[in-house]
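The structure under discussion appears below in the form of structure tokens.
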Amino acid sequence: MSHRTHKNIGVIGLGIIGRAVVGNLRHKGFPVFVWNRSPRPVPNFVGSPGELAGICNYIQIFVSNDEALLQTVKRLSESLTPRHLVLAHSTVAPDSMRAAAEIVERRGARFVEASFTGSKPAAEKGELVYYVGGTDAALREARPILEASSKEIVHIGAVGQASAIKIATNMITAANVQAAAEAIALVQALGVPPEKFVEAMRANASYSGTLALKLPKILNRDFEPQFSVKHMLKDMQLASQIALSHYLDLGVTAAARDQLLEQMQWGHGDADYSAVARKYLHDASPATYEEPQTQEEDEQADAAEPNIGLAESESDNVAEAAGLATSQPLLAFAEPASTAPAAPTRLRRGFLKQLLSKFSSGQE
């Protein structure tokens, strides 16, 4: 308790984004203390959220999902006082964000919703974009902290509204990459080099920051996680839940969700969400490619794209991920046009052969 608390910043969650934010805060001269559900051998790691609150007036939370956010603020609440400002960065349902704010404000502390978008490189460069919600007074107090890791801060409105924007932008991002993966499948099936597709897209009106980042990686079979399958799936499920409660027909979002779910079922939950393109890349992967290794991430490791958000934690349970799937995803294995089977029998035989190959390699 000998630490000066006024300018100390506490960060909960040391995933891709949390670690990058800590680095930027320290680079800007802020004393930073950290806590993560899995202990990490890093400077100023404290023993509990309560201890963090004792040292720091300002606390940023980078955890993965609704349950993790609510559990974290409940643990914090025992130590919160009117001197505290809590900034929540999770991508969660608007109702969950409002519930977290209520827990914090019940203790007299201030609360700022600060959903964000930005890729891993953007986070490391301090170029995240924050979508923020809260009172004007709380946002003024939070601004210097957010500026340390961002290039732009967009005030959306009341708490909960920024979460709605974050989910909506991720819907577009997921659909963008899924459409690109299908376009690559079509181009390959017609015998056109996928590289020509990328070249053509650069001059196309539908080209985006997401495609600029993802298309080269897809062609190189580079699915190192910047925003994982499991976290994008979680966001599409949030969108589906909201759609269901408001009688909205979100067909594109449902299709993107099902393709992400399929990757989860094949064991690729920790790969980048652009791994939805795997099923369309029918030729052999480069010899240098290695399957992304699963990493334990207790906090918000991913975010949104593009910028390409990163944020989350707690590996999502596959059974839970399947809960919102309204239909079983179909497996599609593209074949070059020059080798297309001449009869349905060959199609069935080829499908079964590839399916058995998947199971025999342990990809269940």
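So here's what we get for this one:
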read-out: Within the range 223-253, tally of residues that are more than 17 Å from the chain's Cα centre (by Cα) and of a type outside the set (Ser, Thr, Tyr); value: 10
read-out: Of all residues in the range 41-66 being among the small types (Gly, Ala, Ser) and not in a helix (DSSP H, G or I), the one that is farthest from Arg143 (Cα to Cα); value: Gly47
read-out: Pairs where the first residue, in the range 81-106, is without any contact (Cβ under 8 Å) to a residue 24 or more places away in the chain and the second is not in a loop (DSSP other than H, G, I, E, B), C-beta under 7 Å, 6+ apart; value: Glu105/Phe111
read-out: Check on Glu141, over 22 Å from Leu25 (Cβ atoms), among the acidic types (Asp, Glu) and either open to solvent by 10 Å² or more (accessible area, probe 1.4 Å) or not in a strand (DSSP E or B) (or both); value: no
read-out: Boolean, Val86 is within 25 Å of the chain's Cα centre (by Cα), not in a strand (DSSP E or B) and not small (Gly, Ala, Ser); value: no
read-out: Residues (without any contact (Cβ under 8 Å) to a residue 12 or more places away in the chain and of a type in the set (Asp, Glu)) located in the range 141-171; value: Glu147
read-out: Which listed residue, of Pro43, Pro31, Pro94, is open to solvent by 10 Å² or more (accessible area, probe 1.4 Å), under 20 Å from the mean Cα position of the chain (by Cα) and over 19 Å from Lys120 (Cβ atoms); value: Pro94
read-out: Residue ID - modelled with the highest pLDDT, chosen from residues in the range 263-284 that are assigned to a helix (DSSP H, G or I) and either touching a Gly at 6+ places or on another chain (Cβ under 6 Å) or among the aromatic types (Phe, Trp, Tyr) (or both); value: Tyr273
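The values are calculated or read from the model by the stated rules, or taken from the named source; none is laboratory data. What you see is a predicted model, and the numbers here were worked out from it, not measured in a lab. Cβ sites come from the backbone with ideal geometry, for glycine too, and all protein chains shown count toward neighbours. Just so you know, the surface numbers come from the protein's heavy atoms only, side chains and all, with ligands and any DNA or RNA stripped out. Shrake-Rupley method; radii C 1.70, N 1.55, O 1.52, S 1.80 Å.
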